[in-house]
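One structure below.
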Amino acid sequence: MIKKTERWGIIGGGVLGMTLAHRLKQAGNDVTLFEAAKQVGGLTSAWKLDDVTWDKFYHVILLSDTNLRELLRELELEKEIKWVETKTGFYTDGKLYSMSNSIEFLLFPPLNLINKLRLGATIYFASKIKNWKRLEKIPVEKWLRRWSGNKTYDKIWLPLLRAKLGENYKNISAAFIWTTIQRMYSARREGLKKEMFGYVPGGYSKILKRYYELLENNGINIKTSYSSKKVYTSNSGEVTVEFENGETENFDKVILTTPSPIIEKICPDLTEAEKERLKNIKYLGVVCASLVLKKPLDKYYVTNITDSFTPFTGVIEMSALVDKKEFNGKNLVYLPKYVLPDDPIFLKSDDEIKDEFIKALLKMYPHIKGDDILCCQVARAKYVFALSTLNYSKNLPPVSTSIPGVYILNSAYIINGTLNVNETLELVKKKLPLILQSSKFTD
Ligand SMILES: Cc1cc2nc3c(=O)[nH]c(=O)nc-3n(C[C@H](O)[C@H](O)[C@H](O)COP(=O)(O)OP(=O)(O)OC[C@H]3O[C@@H](n4cnc5c(N)ncnc54)[C@H](O)[C@@H]3O)c2cc1C
């Protein structure tokens with residue numbers, strides 16, 4: 001019997017949608033990928049700043065990112081990765097400290113030796129935990145106070161949690177800190193406990209261009225500037241997708257990879273229970289300023305901030321990692337602020353955000369003057385990652401929805417990892433076989 005070629009539609013052309021499309025096509029299906037923006041890539045997309053083209057949001061690769069490295073091998077880019085030992089800074093009480101190895105950690109002045117040992121023990125203990133589901137039931141504050149003590153919690157953990165999560169840290173489970181520590185550890189696991197990060201010269205702009213070409217050459221129909229506004233089953237039993245541009249297309253199966261609040265809006269036929277579960281997934285967004293500077297800020301790739309005067313929640317100096325040739329000899333810095341999607345900052349103009357961010361940056365780094373800033377642009381994304389609230393994984397809606405032929409797979413389904421491209425690819429590995437299996441029964 002000849003196997004019927006199925007028509008699959010993928011909504012959302014980020015790395016997740018691109019990879020689903022790629023694997024479904026390799027499995028012999030007819031695949032169309034729809035992306036609302038003018039180009040594919042989603043959160044990994046690049047833009048131009050001054051004469052520099054680089055990612056809108058900062059990205060690094062870890063040695064342990066095996067799925068991502070496998071994909072880069074397919075794209076013939078894995079050998080190009082440059083691995084660099086990086087340093088981490090800590091800005092606290094108006095001073096910048098290096099926290100890149102155990103000795104610097106022991107010299108870190110804001111904590112006494114006992115508090116430092118408790119902090120170190122908490123991180124080590126978390127790195128060894130295998131049963132993370134247990135942590136989903138415990139509020140992060142309770143867990144950290146228990147293991148690190150009140151002084152370390154108030155001085156270090158609380159400002160860091162606030163920096164990343166705002167006041168939402170109160171509803172977050174200890175699984176959040178576990179996944180963060182696991183990722184941090186995997187950056188240090190190899191390379192003699194030194195932090196090693198990698199990048200592909202040319203950044204994600206080059207990766208995405210190569211990926212786009214591969215998909216196109218393999219016969220995937222890629223449609224950009226196609227924002228889907230409604231997905232439902234038509235009377236003929238096909239899945240119909242309506243787009244903002246007035247067009248309509250029909251498929252046998254559709255996978256939605258967009259953030260959950262968008263899925264809830266564009267699939268009116270989901271059951272109330274499914275909609276409720278989608279609504280209960282709370283996202284954090286990000287407002288991130290990118291600056292091109294004449295001078296470097298310092299030597300750290302990441303600087304964590306525990307002081308509260310900065311509107312941004314960390315400093316990422318990309319040019320402390322990436323060869324400056326990539327930036328025409330200049331320096332590239334990111335200033336992210338993680339916020340809820342309804343935070344008033346989303347109502348501010350780019351100029352207002354730039355003014356506030358630059359003022360604080362100049363205070364933090366007095367050797368930088370206004371005229372050292374060659375360019376500053378603000379990127380925004382309202383739905384970046386789902387917050388790991390208490391019992392998070394138990395409350396997710398099923399991937400296979402009640403609408404025949406319609407599936408949901410987005411980054412909210414990363415339940416035991418931080419948001420990163422490697423975990424995004426892991427989702428495809430784990431969930432696509434289940435989708436294909438369950439889709440057989442709905443035929
Ligand atoms: C500040 C920041 C730093 C990061 N740092 C790293 C890092 O160092 N290392 C790392 O590996 N990862 C990092 N990541 C994470 C990485 O970018 C994500 O894991 C990955 O890009 C997620 O891909 P996705 O396809 O799931 O989602 P997205 O990229 O969000 O893709 C979803 C796509 O759906 C599209 N869409 C939305 N609505 C519609 C609609 N109605 N119709 C059609 N299309 C629609 C969107 O335009 C978007 O392109 C970072 C992310 C951010 C924001």
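Computed values, structure above
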{"quantity": "Filter pass, Gly28 being out of contact with any Ser or Thr (no Cβ under 7 Å at 6 or more places or on another chain) and of a type in the set (Gly, Ala, Ser)", "calculated": "no"}
{"quantity": "Residue in region 351-370 that is surrounded by 15 or more Cβ atoms within 10 Å (Cβ to Cβ) and within 19 Å of the chain's Cα centre (by Cα) present", "calculated": "no"}
{"quantity": "Hits in region 289-301 - residues which are surrounded by fewer than 22 Cβ atoms within 10 Å (Cβ to Cβ) and over 14 Å from Lys369 (Cβ atoms)", "calculated": "Asp298, Lys299"}
{"quantity": "Residue within region 263-274 that is among the hydroxyl-bearing types (Ser, Thr, Tyr) and within 15 Å of the ligand (Cβ to nearest atom) present", "calculated": "no"}
{"quantity": "Test: residue in region 365-375 that is within 14 Å of the ligand (Cβ to nearest atom), of a type in the set (Phe, Trp, Tyr) and modelled with pLDDT of 95 or more", "calculated": "no"}
{"quantity": "Matching residues in region 240-260 - criterion: being outside any strand (DSSP E or B) and more than 10 Å from the ligand (Cβ to nearest atom)", "calculated": "Asn245, Gly246, Glu247, Asp252, Ser260"}
{"quantity": "Which numbered condition Tyr169 fails, given (1) more than 22 Å from Met99 (Cα to Cα); (2) loosely packed, with under 14 Cβ neighbours inside 10 Å", "calculated": "(2)"}
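The values are calculated or read from the model by the stated rules, or taken from the named source; none is laboratory data. Every value quoted in this text rests on a predicted model; they were computed, and no experiment measured them. Don't worry about glycine lacking a Cβ; one is built from the backbone with ideal geometry, like all the others, and counts go over all protein chains shown.
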